[in-house]
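Notes follow the structure.
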Amino acid sequence: MNEIIEIFTRDGDKIVKALGETGFMVGAAILAAVLLGLPLGTLIYLSRPGGPAQRRGLWVLADGYVTVVRSFPFLLFIVFLIPVTRLVFGTTFGTVAASFPLCFVAVAIYARLVEQILLEVPSGITQAAASMGATTPQLVFRFLFVEARSGLVYALTSATITFISYSTVLGVVGGGGVGDFAMRYGYQEYDFALMYITIALIIAIVLVLQFGGRRVSRALDKR
């Protein structure tokens, strides 16, 4: 216990800074996932062959983006996007620039999860919407999202935990964060107590997110 207190006294400011960097990167990824991944996943569901609003060309493009991005090893994807990141931000170094490739991946990950959740909605829901003459926006917002809201929240929780894991890799481009802090000040300086405490913090954050996401998901599940 004394060693833990000593570590937080000595490195508390650095730990808080690292947590803030991780929070920024993961927050940006969540925002991208909700604002872009949710519509993209819905588009893939709607435009797929046999879907409620099938458009083969649109489906090929949207599904192809998700498949290609998710197929990339994340570290290689960071390197692949370096020219684009430099063009957009003027640099590839720092927390903001490092969040850029994570946002691309976040959109693809959540879009695929959204598609899978919507595919699990009973076909009777879409048939009922069609029989009532619902437009595509009405089908999405009044039927599909209402029926799938519990699963969508739980999927976002799982995706967020994945984003935290991916954010630990962003230290290679100066993104900082808790993972980079554990490697830089713990492993590389042979301060294994600091490294283990940092890992415990990451696990604690994941457990809190998992618990909160599960509670919200259950509250939204009216079945």
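With a length cut of 18 Å (Cα positions projected on each helix's long axis) and a Kyte-Doolittle mean of at least -1.0, go through the chain and give me the DSSP H helices that pass.
Span-like helices, by this rule, are 2-32, 56-71, 95-119, 145-167, 192-220.
How much of the accessible area of the chain, in percent, comes from carbon and sulfur atoms when a 1.4 Å probe is used? Carbon and sulfur atoms account for 66 percent of the accessible area of the chain. Net charge dipole, segment 8-112: roughly 260 debye, given to the nearest 20, about the Cα centre with Cβ charges of +1 for Lys and Arg and -1 for Asp and Glu.
If packing is taken as the average number of other Cβ atoms within 10 Å across a peptide's residues, how do 151-163, 195-207 rank, most packed first?
For the peptides 151-163, 195-207, the packing ranking is 151-163, 195-207.
Heavy-atom accessible surface of the chain, averaged per residue, reaches 55 Å², computed with a 1.4 Å probe. Available extension along the chain between LEU119 and ARG56 is 21.0 nm, counting 0.36 nm per residue and deducting the alpha carbon span. FRET efficiency for the GLN188 to THR9 pair, using the beta carbon distance and R₀ = 25 Å, is estimated at 0.70.
Remark: the chain carries a charge dipole of roughly 900 debye about the Cα centre, counting +1 on each Lys and Arg Cβ and -1 on each Asp and Glu Cβ. Computing FRET efficiency as 1/(1 + (r/R0)^6) for VAL206 and VAL79, where r is the C-beta to C-beta distance and R0 is 30 Å, gives about 0.65. For segment 87-163, the relative contact order is 39 percent, taking Cα pairs closer than 8 Å that sit 6 or more residues apart in sequence and dividing their mean separation by the residue count.
The values are calculated or read from the model by the stated rules, or taken from the named source; none is laboratory data. All figures in this text were calculated on a predicted structure; none of them were measured in a lab. Using ideal geometry, Cβ is built from the backbone for each residue, glycine included, and neighbour counts are taken over all protein chains shown. For the accessible areas, the whole protein counts, side chains as well, though only heavy atoms, and no ligand, DNA or RNA atoms are used. Shrake-Rupley method; radii C 1.70, N 1.55, O 1.52, S 1.80 Å.
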